[in-house]
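Here, each number is a calculation from the coordinates, and none is a lab measurement. On a predicted model such as this, the values are computed, not experimentally measured, just so you know. Quick reminder, even Gly has a Cβ in these numbers, built from the backbone with ideal geometry, and neighbours come from all protein chains shown.
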C-alpha cells in the first residue's frame, strides 16, 4: 500500500533495536471478570490498573525502570531465578495509571542492557475526528499546552514486599498410566492449539512453526484473513485471550486443509512435529485438544480404530478425499482443525469430521495427507490483497492553527484529500496519520507511530470501518507492514 510505504519513510528514523528475551516481562490489566494478559503493548483508558510478572531462563540480576513524560524513574533492583515468577506489585496491590500518556516499563541487566520492555498507552480520546476539523485544529489532545505529568500510583514503594515465589513448573516424568500420559500431553501442547475465528464461526488449529498454523479449510471458509486467539494463562476467559491477525496462504479443499500465516513469530508457543509411519498403529492411544461447541481448550482421549487411505467423504457441497485416521476420540463442532496427538507428542492427524449418528466414529486427516499438502507446490494459494495505485499521488505541506506540521495528501490524485499526517514528535510521543479511503471526509483508520525505548517503534492502528464515530478496534503492527500483528 503506497500510503503505508510513505508513512514508513516518515518513520524511518525509528529503527528496530536488538532485544534479548532471556528475561521476560508480562503485563496484566485488572478487570472484574478476568485479568487481561499482554506482553508488548496495550491501549487502556485512564484509571486503569495493572500489575507485572517477570520470568527468566537463567539467573539474572535486573532493574525495573519506568519511562514516562520524558523522564526515567528507577523502580527497583532485584534478582530473578529460573522457574520462578515474580509479580509486581503483589498482595492485591496494583499500578494505577490515571493520566493520558505513554508508560514504558523496562527490565535491564546490571550492565544496562535492555532485556525486555512493555508499553502501556493511556488514551482518554476514543472518537475519531473529521477531515474538516483536522485541517482546522489537529486533535486538541495533542496540544503542547496539555500537561502530561507522570501519574504512577503504587501503594507501597518497597519492592521487596511485592516478590512472590510461585511454584516452579516441574518436569513431568514419563509414565505408562493413562492419566499421566494425558496430563503430560495437555501441559506440553495445549498452548500449541489456538482458537481460529473466521466469519462469525470458530475452530481449532495447531502450530507447526512459530508463525504457521495448520487447520481445516472449512474452519477458515472463504476468508483470506482470520483472527487467532492464544490460550490465556491460568483460568483466564477466552474473551481476554491475546488475538493476532493471520493470512490464509494456502488451502486444499479436497483434503480439507488450510495453512494460516501470522504476521509475527510466536516465540512462546510449542511446536508439534509431524508424525512418521513408525509413530502410528491401530489400537494406539491418541489425544485431542480443541474447542468443542465452545468448550475451549478441552482435552479428550481415544484410540486409533483404523487407518484408511484415500478415504472419500462429503460435506454436502464438496467431495473430499484424503488419507484419514479413524478414531473414537470425540470430534464435535469447534474441534475441527485441531491436532490428534500420539503419546510421544507427534501430530498424527488433523481432527476433521465425524458421523452425527455414530458418536464413536470420527476421522482425522492423516499425517500422510498433511505432508502432501505442506510439500505440494501446486496447492491453491489464497489471493493476496492488492492495493497498489496506478496514479502518482501528491502532498501539501502546511501547519495547523497550533503550528503543528501538517501534511495533506491526495494519494490517488483524484482531487480529494485522503491522508493527513501530523508530526507531533517535537512535543508529543506520537506521529499520527489519518486515512479517509472512501473520501467522504470521515476517517476510517488512524495510525500512531509510537517510539519505545531502545530505538524501536510500533504502529498502533485504530479502525472505524463502519464510521460509527468511535474507534471500534485497535491493533499493533510490530513490523510496520500495514497488517495488524496483535489485536489490542
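A few remarks follow.
- Binning all Cα-Cα separations of region 242-310 at 10 Å, short to long from zero, yields these whole-percent fractions: 13, 31, 43, 13.
- With a simple spin-label model that places each label point 7 Å from the Cα along the Cα-to-Cβ direction, the separation between residue 312 and residue 273 comes to 3.7 nm.
- Cα pair distances exceeding 15 angstrom across region 54-106, given as percent: 57
- Here, P(r) means the percent of Cα pairs in each 5 Å bin from 0 to the largest distance; for region 179-388 it is 1, 8, 17, 22, 22, 16, 9, 4, 1, 0, 0, 0.
- Exposure proxy ranking, count of Cβ atoms within 10 Å, fewest first, for 308, 243: 308, 243
- Sequence of 409, 395 once ranked by neighbouring C-beta atoms within 10 Å, starting from the fewest: 395, 409
- Quotient of the Cα radius of gyration of region 295-377 and 2.2 N^0.38 Å, N being its number of residues: 1.06.
- Each of 242, 293 was scored by other Cβ atoms within 10 Å of its Cβ. Listed from fewest to most, they are 293, 242.
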